[in-house]
1. In the range 70-89, how many residues are surrounded by fewer than 19 Cβ atoms within 10 Å (Cβ to Cβ), assigned to a helix (DSSP H, G or I) and not aliphatic (A, V, I, L, M)?
2. Go through 100, 106, 131, 112 for me and flag whichever is of a type in the set (A, V, I, L, M, F, W, C), within 26 Å of residue 155 (Cβ to Cβ) and open to solvent by 70 Å² or more (accessible area, probe 1.4 Å).
3. Sort through 64, 43 and tell me the only one that's open to solvent by less than 60 Å² (accessible area, probe 1.4 Å) and free of Cβ contacts under 8 Å to residues at least 24 places away in the same chain.
4. If the Cβ limit is 8 Å and pairs must be 6+ apart or interchain, which residue in the range 126-147 that is more than 23 Å from residue 33 (Cβ to Cβ) pairs with which residue that is surrounded by 11 or more Cβ atoms within 10 Å (Cβ to Cβ)?
5. Between 102, 119, which is over 30 Å from residue 39 (Cα atoms), at pLDDT 90 or above and under 23 Å from the mean Cα position of the chain (by Cα)?
6. Scanning for something more than 25 Å from the chain's Cα centre (by Cα) and in a helix (DSSP H, G or I), does the range 30-46 turn up at least one residue?
7. Could you please find all residues in the range 206-226 being open to solvent by 40 Å² or more (accessible area, probe 1.4 Å) and in a helix (DSSP H, G or I)?
Amino acid sequence: MDWLTEHKLPIGKWAKAFFDWLTVNAAWIFDGISIFLESLIDGILWLLQTPHPLIIVAIAAGIGFAVHRTIAFTAFVVLALLLTINQGYWEETTETLALVLAAAVVCMVAGVPIGVLGAHNPRFYAAIRPVLDLMQTIPTFVYLIPALILFGLGMVPGLIATVIFAIPAPIRLTQLGVSSTPKALLEAGEAFGATKSQLLWKVELPYALPQIMAGLTQTIMLSLSMVVIAALVGADGLGVPTLRALNTVNIAQGFEVGVCIVLIAIVLDRFFRKEEGGKR
């Protein structure tokens, strides 16, 4: 075995050289991406932090009732947000929500078109499938390093790492939904003279909507699972007190933050989950 290890392929050196080249020659691209993503996060934060917290609670309750038409869910939203305020983590919660919502926007805007392209082009999907597997199986800390190098400390590298980890979900589920559209529906659309774009917008995407919404909820849950890891590169939110509780072995604080994260996860999941029977 010694002869094999003596001739080690310099994979690490190749990767370092590649990112060094990017840092020198493509810094303006990453600066532009960073400015755009910072603006997106700051805009969401402004919407969540400028009004009084009780106003946000009332708006969330109104949206919850409009979506599900149930008093039980509306009451749960109100109680969950009030408990978060009561525990003193409202600001951190809004920062986490900003990160999660920004990641969801980026993942869906990029993931849905890629999934549609993959459904229409099996060879393309077969080519990107190993990449999607790699994005979800490689240890998250590995791509935190280049994100930190290219974007610096703050919310942006946390968002980039979150997007890399979460975007395979909407791509896979969109591809599954569109590709499983019954041929009878497509043939009926073609019989009525529908173009390819009309088939996409009026047949395939409506049929795949439950799968696309499942991709959205998966993206949100995966993004929430990244809040602690994102805190390691300077992202604000509930991950910061979680790390602080871990470093100081503070059971009380860790449990408080954990409850807040769980409540936010349940609220967001119920907001976007499509209920059985066609009702939401």
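1. Number of matching residues: 3.
2. Values: 100 fails: open to solvent by 70 Å² or more (accessible area, probe 1.4 Å); 106 fails: open to solvent by 70 Å² or more (accessible area, probe 1.4 Å); 112 fails: open to solvent by 70 Å² or more (accessible area, probe 1.4 Å).
One residue alone meets the criteria, 131.
3. Values: 64 fails: free of Cβ contacts under 8 Å to residues at least 24 places away in the same chain.
Of 64, 43, the one residue that is open to solvent by less than 60 Å² (accessible area, probe 1.4 Å) and free of Cβ contacts under 8 Å to residues at least 24 places away in the same chain is 43.
4. So the pair list comes out as 133/168.
5. Numbers: 102 fails: over 30 Å from residue 39 (Cα atoms).
Exactly one residue qualifies, and that residue is 119.
6. Our first condition is that a residue be more than 25 Å from the chain's Cα centre (by Cα); within the range 30-46, this holds for none.
Scanning the range 30-46, I find no residue that is more than 25 Å from the chain's Cα centre (by Cα) and in a helix (DSSP H, G or I), so the answer is no.
7. 206, 207, 209, 210, 211, 218, 221
For every residue, the table says whether it meets (1) without any contact (Cβ under 8 Å) to a residue 24 or more places away in the chain; (2) surrounded by fewer than 20 Cβ atoms within 10 Å (Cβ to Cβ); (3) farther than 15 Å from residue 99 by Cβ.
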| position | (1), (2), (3) |
| --- | --- |
| 204 | no, no, yes |
| 229 | no, yes, no |
| 233 | no, no, no |
| 242 | yes, no, no |
| 251 | yes, yes, yes |
| 261 | no, no, no |
| 264 | no, no, no |
| 270 | no, yes, yes |
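The values are calculated or read from the model by the stated rules, or taken from the named source; none is laboratory data. Worth saying up front: this structure is predicted, and the values here are computed from it rather than measured. Glycine also receives a Cβ, built like all others from the backbone with ideal geometry; neighbour counts cover every protein chain displayed. Only protein heavy atoms, including side chains, enter the accessible area calculation; ligands, DNA and RNA are left aside. Shrake-Rupley method; radii C 1.70, N 1.55, O 1.52, S 1.80 Å.
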